[in-house]
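The values are calculated or read from the model by the stated rules, or taken from the named source; none is laboratory data. This is a predicted model, so every value here is computed, not measured. Heads up, the Cβs are rebuilt from the backbone with ideal geometry, glycines too, and the neighbour counts pull from every protein chain shown.
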Amino acid sequence: MEFPLINLEKLNGEARKDTLEQIKDACENWGFFELINHGIPHDLMDTLESLTKEHYRKCMEHRFKDLVASRGLDAVQTEVKDMDWESTYHVRHLPESNISEIPDLTDEHRKVMKEFALRLEKLAEELLDLLCENLGLEKGYLKKAFYGSRGPTFGTKVANYPPCPKPELVKGLRAHTDAGGIILLFQDDKVSGLQLLKDGQWVDVPPMRHSIVVNLGDQLEVITNGLYKSVEHRVIAQADGTRMSIASFYNPGSDAVIYPAPALLEREAEDKSHVYPKFVFEDYMKLYAGLKFHAKEPRFEALKASSVNLGPIATV
Ligand SMILES: [Fe+2]
């Protein structure tokens, strides 16, 4: 059982059917896959990587060290359960960019991040259509489902995981599933640490130069009524090396109404015992904010109880 590696270039030739099948298998059984030949220029990725690492060294590292010292984290004796060993900042691209407000970035860094985000947005939409094809949903269905009144929310979490003196006591990032739609990760090609939970075992997501790691968020689990699942993952802090992680989240707009695709429910007509809830995405996010590091099922249950106001899910 190998971690799924998908060569997107093969979609354009005879191997299209096999490649779609590999993506389908990864979505159904892993919730994760790694892409190569995804069309994002490697030199753009290299430039963003060096700018990100430089910005971390110049502007973020000392802040992180101060935080660690103020909390006495480098000398803890028991497991730390209320924080993560990571240094982060967030950039929003859609519905409108806030990159001009992010402090300490050079003009070049802002320009390169914008260009990268634009390419990733296109890749995310291309992937959503491949998922539609595999699910037997019309082209554009998922994009439309995420649209709401102002289009999708698209943003990037830039994280660095510095070397940790007590990796057995502090997680880089505690286990969670992602709340949103589809997530595209540009991760360090040397320092590992990302793991996903597969059949009760933590499996490493292998670092690979110029690859993009993709995973599915809770909203795709709801829309597919559980056919695809968001999968728990975590980051193990490392004793050596700083791990870079640039994770971009293509999520529904805040007022998008999320519910299982009627066409998929109809196909499962015999077994209607488990239908996921219908809700407004922003209500899900309010719930998630306090419960990120808890299991997702109680979130779905809580929203089921409050979903009556939005009307039933039509199975047409
Ligand atoms: Fe995550």
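Table: residues versus (1) under 26 Å from residue 203 (Cβ atoms); (2) within 20 Å of the chain's Cα centre (by Cα); (3) hydroxyl-bearing (Ser, Thr, Tyr).
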site	(1), (2), (3)
16	no, no, no
51	no, no, no
58	no, no, no
84	yes, yes, no
97	no, yes, yes
112	no, no, no
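Name the pairs whose Cβ atoms lie under 7 Å apart, with the first residue in segment 210-231 and at positive phi, the second of a type in the set (A, V, I, L, M) and crowded, with 22+ Cβ neighbours inside 10 Å, and 6 or more positions between them or separate chains?
Close Cβ pairs satisfying both conditions: none exist.
Got at least one residue in segment 57-76 being outside any helix (DSSP H, G or I) and without any contact (Cβ under 8 Å) to a residue 60 or more places away in the chain?
Just the residues of segment 57-76 that are outside any helix (DSSP H, G or I), to begin with: 72, 76.
With without any contact (Cβ under 8 Å) to a residue 60 or more places away in the chain added as a condition, the list becomes 72.
Among the residues of segment 57-76, at least one is outside any helix (DSSP H, G or I) and without any contact (Cβ under 8 Å) to a residue 60 or more places away in the chain, which makes the answer yes.
Checking residue 157 against (1) touching a helix residue (DSSP H, G or I) at 6+ places or on another chain (Cβ under 7 Å); (2) within 16 Å of the ligand (Cβ to nearest atom); (3) under 16 Å from residue 52 (Cβ atoms), which single condition isn't satisfied?
(1)
List the pairs whose first member sits in segment 132-147 and is closer than 22 Å to residue 96 by Cα, whose second member is hydrophobic (A, V, I, L, M, F, W, C) and in a helix (DSSP H, G or I), and whose Cβ atoms are under 7 Å apart, counting only residues at least 6 apart or on separate chains?
Hits for this filter: 142/128; 142/131; 142/132; 142/223; 143/128; 145/223.
Name, by its number, the condition in (1) in a helix (DSSP H, G or I); (2) modelled with pLDDT of 95 or more; (3) of a type in the set (D, E, K, R) that does not hold for residue 92.
Here residue 92 clears every test but (1).
If residue 96 meets every condition in (1) within 30 Å of residue 134 (Cα to Cα); (2) loosely packed, with under 15 Cβ neighbours inside 10 Å apart from one, which number is that one?
(1)
All but one of (1) away from the ligand (no atom under 16 Å from the Cβ); (2) touching a strand residue (DSSP E or B) at 6+ places or on another chain (Cβ under 6 Å) hold for residue 199; which doesn't?
The number of the failed condition is (2).
Would you check which residues across segment 143-202 are aliphatic (A, V, I, L, M), over 12 Å from the mean Cα position of the chain (by Cα) and part of a loop (DSSP other than H, G, I, E, B) and list them?
169, 191
Can you tell me which condition residue 186 does not meet? The list is (1) buried (at least 23 other Cβ atoms within 10 Å of the Cβ); (2) over 14 Å from residue 49 (Cα atoms), and all the others hold.
All conditions pass for residue 186, except number (2).
What number of residues within segment 238-266 satisfy the criterion of being within 21 Å of residue 53 (Cα to Cα) and under 19 Å from the mean Cα position of the chain (by Cα)?
Within segment 238-266, the first condition is being within 21 Å of residue 53 (Cα to Cα), and the residues that meet it are 238-249.
Pick out the ones that are also under 19 Å from the mean Cα position of the chain (by Cα) and you get 243-249.
Qualifying residue count for the region: 7.
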